[in-house]
Amino acid sequence: MRTVRDVHARTVAAPADVVGALIDRVGGDRDPLFPVPAWPPMRFDRPLAVGADGGHGFVRYRVTAYEPGRRIRFDFTPGPSGFHEVSVHPLGPDSCRVEHVLEGRHRVGQRLLWYAAIKAVHGTVVEELLDNIELAATGGVRTPVRRSPRVRLFHRLQWERPKAVALPAEARLARSAFPRTDFQDAWQMTLPPGMPADPAAWEGVLRGASFPVVGRAGGEILLGKDARHLDFRASLLLANGQVTLGTVVRTHHLSGRLYFALVRHVHPFMARLMLRRTHRRLALAAPSAGQRERAGAGA
């Protein structure tokens, strides 16, 4: 096994105590630094302290050292032995250096995966975190990181996929759309911090399908269209930290049932595709954690 070491550093024109106070909030409910919603959020099973277990996405780790305002170390659990650590080093009354160090011991296969994919993605996430530190502490970023084509490809491939669920009880417009339904389904995705919670922002999920809005209530928008062979409704519901795309269909006669018997095999694929594509598009367009922190500070 060989050791992989990766270091990212940034000089920030702000006092170390200011930057340290931001570091202390990482992984919390109003995390001002981790690049969410563009990437999966960092979460722990308790407030930040030694022993807290958590991670982001499929990467899992435990806090093994914590010096408030100065240093946090996370040891990977389980998997390869190693750690990543963020630290703040004063350079003067109005300047400090922030460092992120990752170190781990990998077998040959793991090392190949690191150099082929993980290193580029990891480096981008860390640089976006440093961008958020600089923005939150100073109000601007001198040289924002840009995602390379390779990182954009891996980002698209690893994006969360919708899961099948029962049509939620909160989807009242969809549930009451027809006296009877011949088909219904629902697909759901997590709504991470920073994502738009206004259903109007999600109307584009059926972009190109030309379905008009036929109802709005609370956190739900209902789109749909009636035809001679069947009636169709699509519900967009934002509730309980989730976004749900639900569908209800009512057929009118034999030709409608035959038509939908063919369509229903394609429908789940298209519903998942449209919801996932819209989810990612809105996440990438959402304000960064640093921007949200600056906006909250000025409110």
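The values are calculated or read from the model by the stated rules, or taken from the named source; none is laboratory data. This structure is a prediction, so every number in the text was calculated from the model and none was measured. All Cβ positions, even for glycine, are placed from backbone atoms using ideal geometry, and neighbour counts span all protein chains on display.
Restricting Tyr61, Tyr66, Tyr115 to residues that are surrounded by 16 or more Cβ atoms within 10 Å (Cβ to Cβ), hydroxyl-bearing (Ser, Thr, Tyr) and more than 22 Å from the chain's Cα centre (by Cα) narrows the list to Tyr66. What are the residues in the stretch 74-96 that are within 20 Å of Trp114 (Cβ to Cβ), of a type outside the set (Val, Ile, Thr) and surrounded by 14 or more Cβ atoms within 10 Å (Cβ to Cβ), if any? Scanning the stretch 74-96 gives Phe74, Asp75, Phe76, Pro80, Ser81, Gly82, Phe83, His84, Glu85.
Checked against (1) under 16 Å from Pro32 (Cβ atoms); (2) over 22 Å from the mean Cα position of the chain (by Cα); (3) surrounded by fewer than 19 Cβ atoms within 10 Å (Cβ to Cβ), Pro192 passes all but condition (2).
Every residue, every condition in (1) surrounded by fewer than 14 Cβ atoms within 10 Å (Cβ to Cβ); (2) of a type outside the set (D, E, K, R), yes or no:
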| residue | (1), (2) |
| --- | --- |
| Ala197 | yes, yes |
| Glu203 | no, no |
| Leu206 | no, yes |
| Arg228 | yes, no |
| Phe232 | no, yes |
| Leu258 | yes, yes |
| Met270 | yes, yes |
| Ala285 | yes, yes |
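Checking the stated criteria, Ala136 turns out not to satisfy the condition of being outside any helix (DSSP H, G or I), surrounded by 20 or more Cβ atoms within 10 Å (Cβ to Cβ) and touching a residue at least 12 places away in the same chain (Cβ under 8 Å).
Taken as a whole, the stretch 115-134 holds at least one residue that is over 26 Å from Pro37 (Cβ atoms) and not small (Gly, Ala, Ser). For the stretch 239-248, a residue qualifies if it is surrounded by 15 or more Cβ atoms within 10 Å (Cβ to Cβ) and out of contact with any helix residue (DSSP H, G or I) (no Cβ under 6 Å at 6 or more places or on another chain), and the qualifying residues are Ala239, Gln242, Val243, Thr244, Thr247. Any residue in the stretch 92-111 that's closer than 28 Å to Leu33 by Cα: show its pairings with residues that are among the charged types (D, E, K, R) and assigned to a strand (DSSP E or B) at Cβ separation under 6 Å, as long as the two are six or more apart or on different chains. Close Cβ pairs satisfying both conditions: Val98/Arg10; Val101/Glu85; Leu102/Asp6; Glu103/Arg5. Against the test of being modelled with pLDDT of 95 or more and loosely packed, with under 15 Cβ neighbours inside 10 Å, the options Leu153, Leu173, Leu167 yield a single qualifying residue, Leu153. Within the stretch 24-42, the set of residues being among the charged types (D, E, K, R) and modelled with pLDDT of 95 or more comprises Asp24, Arg25, Asp31. Of all the residues in the stretch 150-197, those that are of a type in the set (Ser, Thr, Tyr) and closer than 28 Å to His56 by Cβ number 1.
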